[in-house]
Amino acid sequence: MRIFFYGHNCFLFKKGPTLLVIDPWFSKNGAFYGSWFQYPNNHYLKEKVIQELVKHKNSYIFISHEHQDHLDLDFINSLVKKVKIIVPKYRDNLHMMSLLSSTKHEVIELDNYSNYKIGNELSMELMISDIGVDHDCAVIVDDGTTRFLNQNDCKIYDQLHKSLNIDVYSVQYSGANWFPSCYEFEEEIKEKISKERVTIKLSSVLNGIRTLEPKAFIPAAGPAIFPFLESNLSRGIGNIFVHQDTLDSYLKQNKFFKTYYLNPGEEYKEHDLFTSPIPPPSIKEIADTRNSNYCIWDSLKQELNIQKLISQVKNRLVEIADIKLTGIPSIQLIWDLDSKYEGITIDLNRKSVSSGYDLNLNKYYRVCADKKYFALMSEPKNRWQDISLSFRAKIKREPKEFCNEINLFLFSDIDNIRDSFLATKNISLEKCIVSFKGNDYEINRYCPHQGADLRFAEINEDCKLICPKHGWEFDIKNKGHCSKSNSSIEARKYPK
Ligand code: FES
């Protein structure tokens with residue numbers, strides 16, 4: 001099969017009359033209320049991909065998940081020819097299916113590990129991760145000769161193994177969420193946290209490469225750039241949105257040299273020499289992107305109906321009314337820090353919401369933003385997770401540890417909030433044994449965050465077990481405690 005890259009996470013595979021396109025994102029409006037844009041720019045390639053879809057007899061699109069940098073409805077709506085759209089069958093697919101059912105195309109939902117024939121030439125296998133607020137899906141595309149794994153944003157590192165027989169591997173290597181960029185930390189602390197997170201991510205990528213031993217690695221699925229936000233975000237300076245130069249040094253330091261850095265529109269060819277990394281955008285390139293695109297955020301109205309916002313919060317609280325929660329800091333949504341009436345407070349322990357806020361609380365999770373941010377949250381059709389990805393809020397929290405319940409409350413959709421809470425609460429407590437320097441330890445096999453399998457997780461020199469999914473560190477010698485999330489895998493020494 002021939003393999004082309006079209007920017008961000010868009011890959012195109014063709015063989016004979018069959019064509020598969022993964023995650024086409026070409027929207028000139030970017031994603032997440034005009035905060036994210038493709039880098040390098042790929043807008044001019046949209047027509048080419050459309051023509052490919054039109055001219056092939058068996059044309060398919062695979063959408064890995066519903067984030068707007070993967071599901072570009074404008075693109076799908078601009079296809080005159082009907083194509084088949086394949087999506088993973090997530091526990092809650094309502095949002096993605098309702099978007100796609102508004103198009104004229106047939107939508108096929110595939111189960112985890114299903115193997116699906118595309119024409120006579122290609123097949124695909126899915127590996128789904130679906131717990132808590134994240135659902136993502138990796139896909140293997142196979143033509144009988146080459147097996148290509150597109151892992152995109154999907155953190156199934158705990159499911160990778162050599163016998164997947166992957167020839168070409170692609171996975172996201174740069175950051176893609178609001179922590180710590182949107183948090184109010186001192187700059188130095190923010191940089192330190194960012195560095196740690198970048199290292200965790202790059203080491204996951206390297207572990208993936210070492211496990212799979214592919215012939216080639218193609219970095220993809222980011223970073224996006226953010227031309228309407230402060231320029232360091234786009235340049236990956238002091239934050240998690242690092243570019244290919246950082247990845248390149250890291251992989252070379254670790255003696256991996258088989259990386260193909262493809263520009264949008266380029267074809268992967270196995271026998272080409274490995275290519276050079278694409279540098280971060282210059283200030284001029286960022287300005288050009290800003291000047292040639294339109295920012296949706298600027299056109300949003302500042303009007304906020306507080307009662308509508310409260311009612312959205314109440315709808316969520318009703319869904320989790322019977323789930324016992326204790327010790328969760330209050331969530332404060334604030335649009336004017338000068339007036340204690342210009343915000344609301346949510347108490348997850350009591351499942352209550354009230355007008356106003358108190359800046360003197362000693363445990364809180366504070367989201368400060370323009371009124372339009374909360375106006376978006378007050379509309380049932382908008383996903384709270386998409387709004388947070390606009391990066392238009394500032395977050396302050398006390399204590400500093402990650403709180404899973406707050407994360408679930410703020411990032412779940414109303415349709416799956418209950419399920420997300422229950423799934424996380426019900427993570428299996430099955431035990432397994434891990435070894436470190438001649439000693440055995442019994443631990444909980446599944447990570448308390450999102451259930452990654454820890455059986456084969458790396459244990460570093462400090463005897464900290466590192467979760468392969470998001471890099472939480474559990475101190476094996478201190479009962480398996482994780483200081484960043486105040487959670488534990490209940491480690492104890494296991495007698496020989
Ligand atoms: S599953 Fe997220 S850190 Fe383990």
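What do you reckon, is Ser390 assigned to a loop (DSSP other than H, G, I, E, B), more than 21 Å from Pro180 (Cα to Cα) and away from the ligand (no atom under 11 Å from the Cβ)?
Here the answer is no, as Ser390 does not meet what is asked.
Which members of region 259-295 meet the condition of being in a helix (DSSP H, G or I) and farther than 26 Å from Leu229 by Cα?
Listed by number, the list is empty, since nothing qualifies.
Is it the case that region 401-416 has a residue that's acidic (Asp, Glu), surrounded by fewer than 15 Cβ atoms within 10 Å (Cβ to Cβ) and within 15 Å of the ligand (Cβ to nearest atom)?
Yes, that holds for at least one residue.
Filter region 429-465 down to the residues that are of a type in the set (Gly, Ala, Ser) and within 13 Å of the ligand (Cβ to nearest atom) and list them by number.
The answer is Gly451, Ala452, Ala457.
Answer yes if at least one residue in region 482-496 is within 16 Å of the ligand (Cβ to nearest atom), at pLDDT below 95 and over 30 Å from Val313 (Cβ atoms), and no otherwise.
Keep residues of region 482-496 that are within 16 Å of the ligand (Cβ to nearest atom), which gives 482-491.
From what is left, the residues that are at pLDDT below 95 are 483-487.
Now drop any that are not over 30 Å from Val313 (Cβ atoms), which leaves 483.
The answer is yes; a qualifying residue exists.
Sort through Thr259, Thr289, Thr246 and tell me the only one that's among the polar types (S, T, N, Q) and in contact with an Asp or Glu (Cβ under 8 Å, 6 or more places away or on another chain).
Thr259
Go through (1) within 23 Å of Ile323 (Cβ to Cβ); (2) touching a residue at least 24 places away in the same chain (Cβ under 8 Å); (3) part of a strand (DSSP E or B) and name the single condition Asn349 misses.
With respect to (1) within 23 Å of Ile323 (Cβ to Cβ); (2) touching a residue at least 24 places away in the same chain (Cβ under 8 Å); (3) part of a strand (DSSP E or B), Asn349 is out only on (3).
Just need a number here: residues in region 301-331 that are charged (D, E, K, R) and assigned to a helix (DSSP H, G or I).
Residues that pass the stated criteria total 4.
Checking Pro448 against (1) under 19 Å from the mean Cα position of the chain (by Cα); (2) within 24 Å of Leu206 (Cβ to Cβ), which single condition isn't satisfied?
Pro448 satisfies every listed condition except (2).
Need a quick list: strands (runs of 3 or more DSSP E) entirely within region 428-476 having at least 3 residues that are in contact (Cβ under 8 Å) with a residue 24 or more places away in the chain and more than 19 Å from Pro495 (Cβ to Cβ).
Because the criterion is at least 3 residues that are in contact (Cβ under 8 Å) with a residue 24 or more places away in the chain and more than 19 Å from Pro495 (Cβ to Cβ), no strands (runs of 3 or more DSSP E) in region 428-476 meet it.
Based on this model, can you work out whether Ile209 counts as in a helix (DSSP H, G or I), modelled with pLDDT under 95 and of a type outside the set (Ser, Thr, Tyr)?
For Ile209, the condition - in a helix (DSSP H, G or I), modelled with pLDDT under 95 and of a type outside the set (Ser, Thr, Tyr) - is not met.
Return only the number of the condition from (1) farther than 24 Å from Phe32 by Cβ; (2) basic (Lys, Arg); (3) modelled with pLDDT under 95 that Lys324 does not satisfy.
Result: Lys324 fails condition (3) only.
Select from region 172-184 the residues that are out of contact with any Gly (no Cβ under 6 Å at 6 or more places or on another chain) and closer than 21 Å to Asp248 by Cα and write down the one among them that is modelled with the lowest pLDDT.
Among residues in region 172-184 that are out of contact with any Gly (no Cβ under 6 Å at 6 or more places or on another chain) and closer than 21 Å to Asp248 by Cα, the one modelled with the lowest pLDDT is Gly175.
Kindly check whether there is at least one residue in region 247-255 that is in contact (Cβ under 8 Å) with a residue 60 or more places away in the chain, assigned by TED's automatic domain parsing to the domain that holds Glu379 and either under 28 Å from the mean Cα position of the chain (by Cα) or surrounded by 14 or more Cβ atoms within 10 Å (Cβ to Cβ) (or both).
No: region 247-255 contains no residue that is in contact (Cβ under 8 Å) with a residue 60 or more places away in the chain, assigned by TED's automatic domain parsing to the domain that holds Glu379 and either under 28 Å from the mean Cα position of the chain (by Cα) or surrounded by 14 or more Cβ atoms within 10 Å (Cβ to Cβ) (or both).
The values are calculated or read from the model by the stated rules, or taken from the named source; none is laboratory data. What you see is a predicted model; the values in this text were computed from it and never measured. Counting neighbours? That spans all protein chains shown, and the Cβs are built from the backbone with ideal geometry, glycine included.
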